[in-house]
Protein chains: 2
Amino acid sequence: MKARIHIHLKNGVLDPQGKAIETALHGLGFEDAGNVRQGKLIELDLKASDEAEAMKQAEEMCKKLLANPVMEQYRIELVA
Amino acid sequence: MKARIHIHLKNGVLDPQGKAIETALHGLGFEDAGNVRQGKLIELDLKASDEAEAMKQAEEMCKKLLANPVMEQYRIELVA
């Protein structure tokens, strides 16, 4: 089973990388782009018998390694 | 309208960051995690009258700035 983990900075946490992208987009003529935030996307294969088990594993990985719970929030999506 | 842009390395392109995450996961006891790939996730607000227009803008941003078409592929998702 494949898990796709989306990690972004929590709202309110300053995102300098997103800001840099926004400035670059404006410079290229995309003046309408706003509120740009950059996050991480991690895809991995899991060996799990069912969705609940896979979700539990992925959640544990996020807590232990992938996300920083102080500044980041994550969302797990399972792909068949 | 909000666009969510998922950018990953194309299949076959070596992903050392993903490999490092995989090794770390194995070290933490998640031996079943495999084929880990890390990508980027960019969220932004667009001013567009309809979905087709928003998609066109986002696509152009990817081509001009956000993704490297030689090594990366992207997927655009529009969120209402």
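Readers should treat all values here as calculations from the given coordinates under stated rules, not as data from a laboratory. All values reported here derive from a predicted model rather than from experimental measurement. In this analysis, Cβ positions are derived from the backbone assuming ideal geometry, glycine residues included, and neighbour counts consider all displayed protein chains.
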* Structure fact -> In segment A:40-59, anything more than 8 Å from chain B (Cβ to nearest Cβ) and either surrounded by 17 or more Cβ atoms within 10 Å (Cβ to Cβ) or closer than 15 Å to residue B:29 by Cα (or both) is listed as A:54, A:55, A:56, A:58, A:59
* Condition broken by residue A:64, with the remaining ones in (1) touching a strand residue (DSSP E or B) at 6+ places or on another chain (Cβ under 9 Å); (2) within 10 Å of chain B (Cβ to nearest Cβ); (3) surrounded by fewer than 16 Cβ atoms within 10 Å (Cβ to Cβ) satisfied -> (1)
* For segment B:1-19, name all the residues that are assigned to a helix (DSSP H, G or I), within 11 Å of chain A (Cβ to nearest Cβ) and surrounded by fewer than 17 Cβ atoms within 10 Å (Cβ to Cβ). => B:17
